[in-house]
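A.B. asks: Sharing a structure, written as C-alpha coordinates. Questions coming.
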Amino acid sequence: MRTIKAGTISKAVSELCIAANLVLRKDALKALGSALRKEVNPRAKSLFAAIIENANIAKDERIAICQDTGFPTIFVEIGQEVKIKGDLKKAINKGVELGYKKAYLRNSIIADPLDRARLGYTPCIVHIDLVKGKRMKISALPKGFGCENKSRLKMFAPTADKSEIKKFIVETIKETGPDACPPFVVGIGIGGTADYAMLLAKKALLRDIAQAKTKLGEELLREINKLNIGPMGLGGETTCLAVNILTYPTHIAGLPVAVNISCHALRSASAVI
Amino acid sequence: MKRIYLPLTGEIIKNLHTGEELLLSGTLYTARDQAHKRLVEAIKKRKRLPLDLKDQIIYYCGPTATPKGKAIGSCGPTTASRMDRFAPILLKAGVKAMIGKGRRSAEVVKAIKKYKCVYFLAPAGLGALLSTKVRSKELIAYPELGPEAIYKLKVKDFPVIVGIDSKGKDIYK
(Lines give C-alpha, C1' and ligand atoms only; values in the text may rest on other atoms or scores of the structure.)
Protein backbone atom coordinates (compact mmCIF):
# COMPACT_ATOMS: atom_id res chain seq x y z
CA MET A 1 0.00 0.00 0.00
CA ARG A 2 1.07 3.57 -0.68
CA THR A 3 -0.06 6.28 1.73
CA ILE A 4 -1.19 9.72 0.53
CA LYS A 5 -1.86 12.36 3.16
CA ALA A 6 -5.03 14.47 3.12
CA GLY A 7 -2.86 17.60 3.16
CA THR A 8 -1.18 16.60 -0.12
CA ILE A 9 -4.61 16.17 -1.72
CA SER A 10 -5.81 19.59 -0.47
CA LYS A 11 -2.72 21.28 -1.87
CA ALA A 12 -3.12 19.60 -5.26
CA VAL A 13 -6.84 20.47 -5.48
CA SER A 14 -6.13 24.09 -4.53
CA GLU A 15 -3.48 24.44 -7.25
CA LEU A 16 -5.73 22.77 -9.87
CA CYS A 17 -8.67 25.11 -9.09
CA ILE A 18 -6.38 28.12 -9.56
CA ALA A 19 -4.74 26.78 -12.74
CA ALA A 20 -8.10 25.87 -14.32
CA ASN A 21 -9.66 29.28 -13.63
CA LEU A 22 -6.69 31.45 -14.60
CA VAL A 23 -5.09 29.61 -17.51
CA LEU A 24 -7.23 28.64 -20.49
CA ARG A 25 -6.66 25.05 -21.67
CA LYS A 26 -4.03 24.79 -24.41
CA ASP A 27 -6.29 22.73 -26.67
CA ALA A 28 -9.09 25.33 -26.38
CA LEU A 29 -6.67 28.20 -27.05
CA LYS A 30 -5.33 26.43 -30.12
CA ALA A 31 -8.85 25.81 -31.47
CA LEU A 32 -9.72 29.49 -30.89
CA GLY A 33 -6.57 30.49 -32.81
CA SER A 34 -7.57 28.43 -35.83
CA ALA A 35 -11.16 29.76 -35.60
CA LEU A 36 -9.74 33.30 -35.72
CA ARG A 37 -7.64 32.48 -38.78
CA LYS A 38 -10.49 31.01 -40.79
CA GLU A 39 -13.17 33.55 -39.78
CA VAL A 40 -14.43 35.87 -42.54
CA ASN A 41 -17.14 37.81 -40.64
CA PRO A 42 -15.33 40.99 -39.40
CA ARG A 43 -17.24 41.23 -36.10
CA ALA A 44 -16.69 37.54 -35.33
CA LYS A 45 -13.01 37.94 -36.19
CA SER A 46 -12.57 40.79 -33.72
CA LEU A 47 -14.50 38.84 -31.06
CA PHE A 48 -12.20 35.82 -31.52
CA ALA A 49 -9.21 38.16 -31.10
CA ALA A 50 -10.82 39.56 -27.91
CA ILE A 51 -11.42 36.03 -26.52
CA ILE A 52 -7.72 35.24 -27.01
CA GLU A 53 -6.70 38.61 -25.52
CA ASN A 54 -8.94 37.86 -22.51
CA ALA A 55 -7.13 34.55 -21.95
CA ASN A 56 -3.76 36.33 -22.11
CA ILE A 57 -4.85 39.02 -19.62
CA ALA A 58 -6.17 36.34 -17.24
CA LYS A 59 -2.90 34.41 -17.35
CA ASP A 60 -0.58 37.44 -17.08
CA GLU A 61 -2.59 39.42 -14.51
CA ARG A 62 -3.60 36.36 -12.46
CA ILE A 63 -7.32 37.16 -12.77
CA ALA A 64 -10.16 34.70 -13.48
CA ILE A 65 -10.86 34.08 -17.19
CA CYS A 66 -14.58 34.48 -16.44
CA GLN A 67 -16.37 35.89 -13.37
CA ASP A 68 -18.39 32.67 -13.22
CA THR A 69 -15.72 30.46 -11.72
CA GLY A 70 -18.18 27.63 -11.87
CA PHE A 71 -19.48 24.89 -9.66
CA PRO A 72 -16.13 23.36 -8.69
CA THR A 73 -16.35 19.76 -9.88
CA ILE A 74 -13.54 17.41 -8.95
CA PHE A 75 -12.93 14.03 -10.60
CA VAL A 76 -10.72 11.65 -8.64
CA GLU A 77 -9.30 8.34 -9.85
CA ILE A 78 -7.82 6.48 -6.91
CA GLY A 79 -5.54 3.49 -7.36
CA GLN A 80 -6.77 0.62 -5.20
CA GLU A 81 -3.31 0.26 -3.65
CA VAL A 82 -3.55 3.78 -2.20
CA LYS A 83 -4.35 4.36 1.46
CA ILE A 84 -5.55 7.85 2.30
CA LYS A 85 -4.48 9.27 5.62
CA GLY A 86 -7.33 11.57 6.64
CA ASP A 87 -10.75 12.40 5.25
CA LEU A 88 -10.72 12.44 1.41
CA LYS A 89 -13.86 14.52 0.79
CA LYS A 90 -12.96 17.01 3.51
CA ALA A 91 -9.47 17.33 2.01
CA ILE A 92 -10.90 18.01 -1.46
CA ASN A 93 -13.33 20.64 -0.16
CA LYS A 94 -10.58 22.27 1.88
CA GLY A 95 -8.45 22.44 -1.27
CA VAL A 96 -11.27 24.10 -3.21
CA GLU A 97 -11.77 26.71 -0.44
CA LEU A 98 -8.03 27.43 -0.28
CA GLY A 99 -7.61 27.79 -4.01
CA TYR A 100 -10.76 29.86 -4.57
CA LYS A 101 -9.89 32.28 -1.76
CA LYS A 102 -6.24 32.58 -2.76
CA ALA A 103 -6.99 33.41 -6.43
CA TYR A 104 -9.99 35.71 -5.66
CA LEU A 105 -12.41 33.37 -7.42
CA ARG A 106 -16.16 33.65 -6.91
CA ASN A 107 -18.21 32.11 -4.10
CA SER A 108 -21.13 30.96 -6.22
CA ILE A 109 -22.46 28.03 -4.17
CA ILE A 110 -25.69 28.43 -2.24
CA ALA A 111 -26.22 25.94 0.61
CA ASP A 112 -29.96 25.56 0.14
CA PRO A 113 -31.22 25.41 -3.46
CA LEU A 114 -34.74 26.45 -2.45
CA ASP A 115 -34.32 29.18 0.15
CA ARG A 116 -31.16 30.45 -1.65
CA ALA A 117 -29.43 31.16 1.68
CA ARG A 118 -25.85 30.73 2.92
CA LEU A 119 -23.36 31.56 0.19
CA GLY A 120 -19.96 29.88 -0.01
CA TYR A 121 -17.23 28.25 -2.11
CA THR A 122 -18.19 24.68 -1.23
CA PRO A 123 -19.36 21.92 -1.07
CA CYS A 124 -17.90 21.02 -4.43
CA ILE A 125 -19.07 18.05 -6.48
CA VAL A 126 -16.82 15.02 -6.21
CA HIS A 127 -16.80 12.02 -8.57
CA ILE A 128 -14.67 9.16 -7.28
CA ASP A 129 -13.54 6.20 -9.36
CA LEU A 130 -11.48 3.28 -8.07
CA VAL A 131 -8.83 2.10 -10.55
CA LYS A 132 -5.80 -0.20 -10.64
CA GLY A 133 -2.43 0.88 -9.28
CA LYS A 134 -1.01 3.13 -6.60
CA ARG A 135 -1.50 6.58 -8.01
CA MET A 136 -4.19 9.17 -7.74
CA LYS A 137 -5.35 11.39 -10.59
CA ILE A 138 -7.26 14.57 -9.77
CA SER A 139 -9.03 16.77 -12.32
CA ALA A 140 -10.81 20.07 -11.62
CA LEU A 141 -13.56 21.19 -14.00
CA PRO A 142 -14.99 24.54 -12.79
CA LYS A 143 -17.73 24.97 -15.37
CA GLY A 144 -19.92 28.09 -15.37
CA PHE A 145 -23.70 27.89 -15.10
CA GLY A 146 -24.65 29.96 -18.16
CA CYS A 147 -23.85 26.91 -20.25
CA GLU A 148 -24.68 24.31 -17.56
CA ASN A 149 -28.28 25.62 -17.66
CA LYS A 150 -28.50 24.44 -21.28
CA SER A 151 -27.80 20.76 -20.51
CA ARG A 152 -30.22 18.24 -22.03
CA LEU A 153 -31.05 14.55 -21.73
CA LYS A 154 -33.21 12.50 -24.05
CA MET A 155 -34.11 8.86 -23.63
CA PHE A 156 -34.35 7.56 -27.21
CA ALA A 157 -36.02 4.33 -28.29
CA PRO A 158 -33.45 1.56 -28.86
CA THR A 159 -34.49 1.48 -32.51
CA ALA A 160 -33.72 5.19 -33.06
CA ASP A 161 -31.20 5.83 -35.81
CA LYS A 162 -28.18 8.11 -35.81
CA SER A 163 -29.94 10.87 -37.73
CA GLU A 164 -32.51 11.27 -34.92
CA ILE A 165 -29.73 11.55 -32.34
CA LYS A 166 -27.85 14.07 -34.47
CA LYS A 167 -31.02 16.12 -34.93
CA PHE A 168 -31.58 16.25 -31.15
CA ILE A 169 -28.01 17.43 -30.50
CA VAL A 170 -28.04 20.08 -33.26
CA GLU A 171 -31.48 21.33 -32.11
CA THR A 172 -30.16 21.65 -28.55
CA ILE A 173 -27.30 23.88 -29.77
CA LYS A 174 -29.71 25.89 -31.93
CA GLU A 175 -32.00 26.57 -28.96
CA THR A 176 -29.02 27.48 -26.77
CA GLY A 177 -27.99 30.06 -29.38
CA PRO A 178 -26.23 33.15 -28.02
CA ASP A 179 -27.08 32.63 -24.34
CA ALA A 180 -24.29 30.27 -23.27
CA CYS A 181 -21.21 32.08 -24.66
CA PRO A 182 -20.52 30.46 -28.05
CA PRO A 183 -18.34 29.13 -29.63
CA PHE A 184 -19.00 25.99 -27.61
CA VAL A 185 -17.25 22.76 -26.85
CA VAL A 186 -20.00 20.14 -26.72
CA GLY A 187 -19.77 17.11 -24.44
CA ILE A 188 -21.97 14.15 -25.43
CA GLY A 189 -22.73 11.05 -23.38
CA ILE A 190 -24.36 8.11 -25.19
CA GLY A 191 -25.51 4.94 -23.43
CA GLY A 192 -25.58 3.76 -19.81
CA THR A 193 -28.52 5.04 -17.75
CA ALA A 194 -30.05 8.54 -17.54
CA ASP A 195 -27.71 9.64 -14.76
CA TYR A 196 -24.65 7.91 -16.23
CA ALA A 197 -25.16 9.47 -19.68
CA MET A 198 -25.17 12.93 -18.05
CA LEU A 199 -21.93 12.11 -16.23
CA LEU A 200 -20.34 10.87 -19.46
CA ALA A 201 -21.33 14.11 -21.23
CA LYS A 202 -19.54 16.13 -18.58
CA LYS A 203 -16.53 13.82 -18.48
CA ALA A 204 -16.24 14.16 -22.26
CA LEU A 205 -15.34 17.84 -21.70
CA LEU A 206 -12.20 16.76 -19.82
CA ARG A 207 -10.79 15.11 -22.94
CA ASP A 208 -8.26 16.96 -25.13
CA ILE A 209 -10.32 18.25 -28.06
CA ALA A 210 -7.62 17.48 -30.61
CA GLN A 211 -7.35 13.87 -29.45
CA ALA A 212 -11.00 13.08 -28.79
CA LYS A 213 -12.11 13.23 -32.43
CA THR A 214 -14.68 10.65 -33.60
CA LYS A 215 -16.52 10.19 -36.90
CA LEU A 216 -19.87 11.12 -35.34
CA GLY A 217 -18.27 14.05 -33.49
CA GLU A 218 -16.81 15.46 -36.71
CA GLU A 219 -20.16 15.08 -38.54
CA LEU A 220 -21.92 16.93 -35.71
CA LEU A 221 -19.24 19.63 -35.68
CA ARG A 222 -19.80 20.33 -39.39
CA GLU A 223 -23.59 20.50 -38.95
CA ILE A 224 -23.42 22.74 -35.88
CA ASN A 225 -21.04 25.13 -37.63
CA LYS A 226 -23.59 25.55 -40.41
CA LEU A 227 -25.93 27.20 -37.85
CA ASN A 228 -24.01 30.52 -38.18
CA ILE A 229 -24.46 31.32 -34.46
CA GLY A 230 -20.83 32.46 -34.04
CA PRO A 231 -19.24 34.26 -31.08
CA MET A 232 -21.85 36.13 -28.97
CA GLY A 233 -24.47 34.66 -31.30
CA LEU A 234 -23.84 37.46 -33.83
CA GLY A 235 -22.90 35.14 -36.71
CA GLY A 236 -19.69 33.50 -37.83
CA GLU A 237 -18.03 30.45 -39.29
CA THR A 238 -17.36 28.81 -35.90
CA THR A 239 -20.24 28.09 -33.53
CA CYS A 240 -18.58 25.03 -32.05
CA LEU A 241 -14.88 24.29 -31.49
CA ALA A 242 -15.28 20.55 -30.91
CA VAL A 243 -17.75 17.76 -30.13
CA ASN A 244 -16.35 15.24 -27.62
CA ILE A 245 -18.29 11.99 -27.30
CA LEU A 246 -18.08 9.24 -24.68
CA THR A 247 -20.13 6.06 -24.96
CA TYR A 248 -20.99 3.19 -22.62
CA PRO A 249 -22.98 -0.05 -23.04
CA THR A 250 -26.70 0.38 -22.46
CA HIS A 251 -29.92 -1.60 -21.90
CA ILE A 252 -31.82 -3.40 -24.69
CA ALA A 253 -34.85 -1.17 -23.97
CA GLY A 254 -33.21 2.22 -24.28
CA LEU A 255 -30.68 4.68 -25.66
CA PRO A 256 -29.91 7.66 -23.38
CA VAL A 257 -28.24 10.67 -25.03
CA ALA A 258 -26.95 13.53 -22.88
CA VAL A 259 -25.63 16.94 -23.94
CA ASN A 260 -23.39 19.08 -21.74
CA ILE A 261 -22.32 22.33 -23.38
CA SER A 262 -19.21 24.27 -22.40
CA CYS A 263 -18.81 27.96 -23.21
CA HIS A 264 -15.68 29.05 -25.10
CA ALA A 265 -13.84 29.28 -21.77
CA LEU A 266 -13.28 25.52 -21.47
CA ARG A 267 -11.50 25.23 -18.14
CA SER A 268 -9.98 22.20 -16.48
CA ALA A 269 -6.68 21.07 -15.00
CA SER A 270 -5.35 17.64 -13.95
CA ALA A 271 -2.51 16.28 -11.85
CA VAL A 272 -1.25 12.85 -10.85
CA ILE A 273 -0.10 12.24 -7.27
CA MET B 1 -16.14 53.53 -32.40
CA LYS B 2 -18.67 55.94 -30.86
CA ARG B 3 -17.89 57.11 -27.30
CA ILE B 4 -20.83 57.66 -24.94
CA TYR B 5 -20.56 59.60 -21.69
CA LEU B 6 -23.10 58.59 -19.04
CA PRO B 7 -25.77 59.17 -17.80
CA LEU B 8 -27.82 58.41 -20.89
CA THR B 9 -30.25 61.10 -22.00
CA GLY B 10 -33.34 60.71 -24.18
CA GLU B 11 -31.43 62.46 -26.94
CA ILE B 12 -28.50 59.99 -26.80
CA ILE B 13 -30.81 56.95 -26.67
CA LYS B 14 -32.82 58.16 -29.66
CA ASN B 15 -29.65 58.10 -31.78
CA LEU B 16 -28.50 54.61 -30.81
CA HIS B 17 -29.10 51.89 -33.38
CA THR B 18 -29.10 48.11 -33.07
CA GLY B 19 -25.75 46.62 -34.05
CA GLU B 20 -23.75 49.76 -33.25
CA GLU B 21 -20.57 49.28 -31.22
CA LEU B 22 -20.02 51.79 -28.41
CA LEU B 23 -17.60 52.62 -25.61
CA LEU B 24 -19.34 53.69 -22.39
CA SER B 25 -17.76 55.94 -19.75
CA GLY B 26 -19.43 56.83 -16.45
CA THR B 27 -21.46 55.00 -13.79
CA LEU B 28 -23.11 51.55 -13.98
CA TYR B 29 -24.86 49.60 -11.22
CA THR B 30 -24.53 45.82 -11.04
CA ALA B 31 -27.61 43.74 -10.22
CA ARG B 32 -28.53 40.15 -11.06
CA ASP B 33 -31.12 37.57 -10.00
CA GLN B 34 -31.48 38.08 -6.22
CA ALA B 35 -30.98 41.87 -6.31
CA HIS B 36 -33.67 42.10 -9.01
CA LYS B 37 -36.04 40.04 -6.89
CA ARG B 38 -35.49 42.37 -3.93
CA LEU B 39 -35.76 45.61 -5.93
CA VAL B 40 -39.00 44.49 -7.56
CA GLU B 41 -40.46 43.41 -4.20
CA ALA B 42 -39.56 46.82 -2.75
CA ILE B 43 -41.16 48.63 -5.72
CA LYS B 44 -44.36 46.55 -5.39
CA LYS B 45 -44.57 47.28 -1.64
CA ARG B 46 -43.73 50.96 -2.25
CA LYS B 47 -40.70 50.73 0.02
CA ARG B 48 -37.68 53.02 -0.25
CA LEU B 49 -35.07 51.68 -2.70
CA PRO B 50 -31.36 51.51 -1.84
CA LEU B 51 -30.55 53.57 -4.96
CA ASP B 52 -32.30 56.04 -7.24
CA LEU B 53 -33.04 54.07 -10.41
CA LYS B 54 -33.91 57.10 -12.54
CA ASP B 55 -31.82 57.25 -15.74
CA GLN B 56 -29.46 54.52 -14.50
CA ILE B 57 -27.84 51.59 -16.29
CA ILE B 58 -28.11 48.13 -14.74
CA TYR B 59 -25.28 45.74 -15.54
CA TYR B 60 -26.17 42.04 -15.14
CA CYS B 61 -22.92 41.04 -13.47
CA GLY B 62 -21.65 39.22 -10.40
CA PRO B 63 -17.91 39.90 -10.22
CA THR B 64 -15.32 37.69 -8.56
CA ALA B 65 -13.57 38.97 -5.43
CA THR B 66 -11.26 41.93 -6.08
CA PRO B 67 -7.59 40.90 -6.27
CA LYS B 68 -5.13 43.04 -4.30
CA GLY B 69 -4.15 46.21 -6.15
CA LYS B 70 -7.00 45.99 -8.67
CA ALA B 71 -10.25 47.98 -8.99
CA ILE B 72 -12.37 44.86 -9.55
CA GLY B 73 -12.10 41.15 -10.29
CA SER B 74 -13.28 39.34 -13.40
CA CYS B 75 -16.58 41.03 -14.37
CA GLY B 76 -18.29 39.87 -17.57
CA PRO B 77 -22.05 39.85 -18.24
CA THR B 78 -24.42 37.09 -17.10
CA THR B 79 -27.36 35.65 -19.11
CA ALA B 80 -29.93 38.45 -19.44
CA SER B 81 -33.01 36.27 -20.01
CA ARG B 82 -33.07 35.32 -16.32
CA MET B 83 -33.87 38.97 -15.56
CA ASP B 84 -36.71 39.15 -18.13
CA ARG B 85 -39.41 38.64 -15.52
CA PHE B 86 -38.21 41.72 -13.60
CA ALA B 87 -36.93 44.06 -16.34
CA PRO B 88 -40.26 45.71 -17.40
CA ILE B 89 -40.92 46.77 -13.78
CA LEU B 90 -37.44 48.31 -13.45
CA LEU B 91 -37.73 50.10 -16.79
CA LYS B 92 -41.07 51.55 -15.64
CA ALA B 93 -39.30 52.69 -12.44
CA GLY B 94 -36.80 54.75 -14.44
CA VAL B 95 -33.94 52.45 -15.49
CA LYS B 96 -32.73 53.58 -18.94
CA ALA B 97 -30.50 50.71 -20.02
CA MET B 98 -29.49 47.14 -19.27
CA ILE B 99 -26.23 45.41 -20.10
CA GLY B 100 -26.08 41.62 -20.36
CA LYS B 101 -25.60 38.71 -22.74
CA GLY B 102 -28.05 36.82 -24.92
CA ARG B 103 -31.66 37.15 -25.98
CA ARG B 104 -34.58 38.98 -24.31
CA SER B 105 -38.30 38.11 -24.18
CA ALA B 106 -41.02 39.79 -26.25
CA GLU B 107 -42.29 41.49 -23.04
CA VAL B 108 -38.88 43.09 -22.46
CA VAL B 109 -38.67 44.32 -26.08
CA LYS B 110 -42.16 45.83 -25.66
CA ALA B 111 -41.13 47.60 -22.42
CA ILE B 112 -37.91 48.91 -24.05
CA LYS B 113 -40.02 50.50 -26.80
CA LYS B 114 -42.64 51.84 -24.40
CA TYR B 115 -40.20 53.53 -22.00
CA LYS B 116 -37.63 54.40 -24.71
CA CYS B 117 -34.76 52.43 -23.23
CA VAL B 118 -31.94 50.33 -24.65
CA TYR B 119 -30.40 46.87 -24.12
CA PHE B 120 -26.66 46.53 -24.59
CA LEU B 121 -24.66 43.34 -25.12
CA ALA B 122 -21.29 43.18 -23.40
CA PRO B 123 -18.71 40.77 -24.84
CA ALA B 124 -19.58 37.44 -23.24
CA GLY B 125 -17.06 35.37 -21.31
CA LEU B 126 -14.45 38.14 -21.32
CA GLY B 127 -14.45 39.01 -17.62
CA ALA B 128 -10.69 39.51 -17.37
CA LEU B 129 -10.59 41.93 -20.31
CA LEU B 130 -13.64 43.88 -19.07
CA SER B 131 -12.04 44.25 -15.62
CA THR B 132 -9.44 46.54 -17.23
CA LYS B 133 -12.24 48.96 -18.18
CA VAL B 134 -13.46 49.43 -14.58
CA ARG B 135 -11.91 52.21 -12.50
CA SER B 136 -13.71 51.65 -9.17
CA LYS B 137 -16.24 49.42 -7.43
CA GLU B 138 -18.33 50.50 -4.44
CA LEU B 139 -20.86 48.45 -2.47
CA ILE B 140 -24.33 50.04 -2.58
CA ALA B 141 -26.80 47.45 -1.21
CA TYR B 142 -27.42 43.86 -0.07
CA PRO B 143 -23.85 42.97 1.08
CA GLU B 144 -25.08 39.55 2.26
CA LEU B 145 -25.59 38.61 -1.41
CA GLY B 146 -21.81 38.69 -1.97
CA PRO B 147 -21.16 38.77 -5.73
CA GLU B 148 -24.91 39.32 -6.27
CA ALA B 149 -24.94 42.56 -4.21
CA ILE B 150 -25.49 45.91 -5.95
CA TYR B 151 -22.17 47.61 -6.74
CA LYS B 152 -21.58 51.02 -8.28
CA LEU B 153 -18.95 50.78 -11.02
CA LYS B 154 -17.10 53.68 -12.61
CA VAL B 155 -16.11 52.56 -16.10
CA LYS B 156 -14.00 54.04 -18.88
CA ASP B 157 -14.43 52.95 -22.52
CA PHE B 158 -16.47 49.89 -21.55
CA PRO B 159 -17.27 48.10 -24.86
CA VAL B 160 -20.89 47.24 -25.70
CA ILE B 161 -23.02 46.51 -28.76
CA VAL B 162 -26.59 47.83 -29.04
CA GLY B 163 -28.69 44.65 -28.77
CA ILE B 164 -32.18 46.20 -28.76
CA ASP B 165 -32.62 49.90 -29.55
CA SER B 166 -35.42 52.23 -28.38
CA LYS B 167 -37.46 51.36 -31.48
CA GLY B 168 -37.43 47.72 -30.39
CA LYS B 169 -35.16 46.40 -33.15
CA ASP B 170 -33.58 43.17 -31.87
CA ILE B 171 -30.10 42.13 -33.06
CA TYR B 172 -31.11 38.43 -32.78
CA LYS B 173 -34.27 38.75 -34.91
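The values are calculated or read from the model by the stated rules, or taken from the named source; none is laboratory data. Being a predicted model, the structure only gives us computed values, none of them experimental. Virtual Cβ from ideal backbone geometry, glycine too; neighbours counted across all protein chains shown. For the accessible areas, the whole protein counts, side chains as well, though only heavy atoms, and no ligand, DNA or RNA atoms are used. Shrake-Rupley method; radii C 1.70, N 1.55, O 1.52, S 1.80 Å.
A.B. asks: What's the total number of residues in the stretch B:44-67 that are open to solvent by 10 Å² or more (accessible area, probe 1.4 Å) and more than 14 Å from chain A (Cβ to nearest Cβ)?
C.D. replies: The total comes to 12.
A.B. asks: Also: Sort out which residues of the stretch A:40-57 are within 12 Å of A:L234 (Cβ to Cβ) and either facing chain B (nearest Cβ under 10 Å) or in a loop (DSSP other than H, G, I, E, B) (or both), and write them in order of number.
C.D. replies: Once the filter is applied, which keeps residues that are within 12 Å of A:L234 (Cβ to Cβ) and either facing chain B (nearest Cβ under 10 Å) or in a loop (DSSP other than H, G, I, E, B) (or both), the stretch A:40-57 yields A:N41, A:R43, A:S46, A:L47.
A.B. asks: Among the residues of the stretch B:91-140, how many are under 21 Å from A:Y104 (Cα atoms) and more than 10 Å from chain A (Cβ to nearest Cβ)?
C.D. replies: Selection size over the stretch B:91-140: 8.
A.B. asks: Mind telling me which of the residues A:A91, A:A117, A:A111 ends up being more than 21 Å from the chain's Cα centre (by Cα) and either within 20 Å of A:T3 (Cβ to Cβ) or of a type in the set (F, W, Y) (or both)?
C.D. replies: Testing whether each residue is more than 21 Å from the chain's Cα centre (by Cα) and either within 20 Å of A:T3 (Cβ to Cβ) or of a type in the set (F, W, Y) (or both) leaves just A:A91.
A.B. asks: Find all pairs meeting these conditions: Cβ atoms under 9 angstrom apart; at least six residues apart or on different chains; first residue within the stretch A:122-139 and closer than 30 Å to A:K101 by Cβ and modelled with pLDDT of 95 or more; second residue of a type in the set (S, T, Y) and exposed (fewer than 15 other Cβ atoms within 10 Å of the Cβ).
C.D. replies: none
A.B. asks: A further question follows. Can you name the helices (runs of 4 or more DSSP H) wholly within the stretch A:115-210 that have at least 3 residues being within 14 Å of chain B (Cβ to nearest Cβ)?
C.D. replies: A:145-148, A:162-176
A.B. asks: So A:S34 clears everything in (1) farther than 29 Å from A:I4 by Cβ; (2) within 13 Å of chain B (Cβ to nearest Cβ); (3) of a type in the set (S, T, Y) except one condition, right? Which one?
C.D. replies: (2)
A.B. asks: Within the stretch B:132-155, take every residue that is among the charged types (D, E, K, R), part of a strand (DSSP E or B) and open to solvent by 70 Å² or more (accessible area, probe 1.4 Å) and give me the one that is farthest from B:D52 (Cα to Cα).
C.D. replies: Per the criteria, the residue is B:R135.
A.B. asks: Give A:I63, A:I110 a once-over and let me know the one that is among the aliphatic types (A, V, I, L, M), open to solvent by less than 10 Å² (accessible area, probe 1.4 Å) and within 12 Å of chain B (Cβ to nearest Cβ).
C.D. replies: A:I63
A.B. asks: Step by step: first the residues of the stretch B:81-90, then only those that are open to solvent by less than 10 Å² (accessible area, probe 1.4 Å) and in contact with a helix residue (DSSP H, G or I) (Cβ under 6 Å, 6 or more places away or on another chain), then the one that is nearest to the other protein chains (Cβ to nearest Cβ). Which residue is that?
C.D. replies: My answer is B:M83.
A.B. asks: Among residues belonging to the stretch A:179-198 that are open to solvent by 10 Å² or more (accessible area, probe 1.4 Å) and touching a Phe, Trp or Tyr at 6+ places or on another chain (Cβ under 8 Å), point out the one that is farthest from A:N260 (Cα to Cα).
C.D. replies: Selected residue: A:G192.
A.B. asks: Of the residues that sit in the stretch B:156-173 and are outside any strand (DSSP E or B) and more than 11 Å from chain A (Cβ to nearest Cβ), which one is farthest from A:I63 (Cα to Cα)?
C.D. replies: By that ranking, first place goes to B:K167.
A.B. asks: Would the stretch A:68-80 turn up any residue that is facing chain B (nearest Cβ under 8 Å) and open to solvent by less than 20 Å² (accessible area, probe 1.4 Å)?
C.D. replies: yes
A.B. asks: Does B:V118 count as at pLDDT 95 or above and within 13 Å of the chain's Cα centre (by Cα)?
C.D. replies: Yes.
A.B. asks: Related question: In the stretch A:126-156, what residues are within 17 Å of the chain's Cα centre (by Cα), open to solvent by 20 Å² or more (accessible area, probe 1.4 Å) and among the hydrophobic types (A, V, I, L, M, F, W, C)?
C.D. replies: A:V126, A:I128, A:F145, A:L153
A.B. asks: Give the number of residues within the stretch B:3-35 that are free of Cβ contacts under 8 Å to residues at least 60 places away in the same chain, closer than 27 Å to B:P50 by Cα and not β-branched (V, I, T).
C.D. replies: 2
A.B. asks: Oh, and also: Of the conditions (1) without any contact (Cβ under 8 Å) to a residue 12 or more places away in the chain; (2) over 26 Å from B:A122 (Cα atoms); (3) not basic (K, R), A:E171 satisfies every one except a single condition; which number is it?
C.D. replies: Here A:E171 clears every test but (2).
A.B. asks: Could you check how many residues of the stretch B:68-80 are surrounded by fewer than 18 Cβ atoms within 10 Å (Cβ to Cβ) and either out of contact with any strand residue (DSSP E or B) (no Cβ under 8 Å at 6 or more places or on another chain) or at the interface with another protein chain (Cβ under 9 Å from one of its Cβ atoms) (or both)?
C.D. replies: The total comes to 3.
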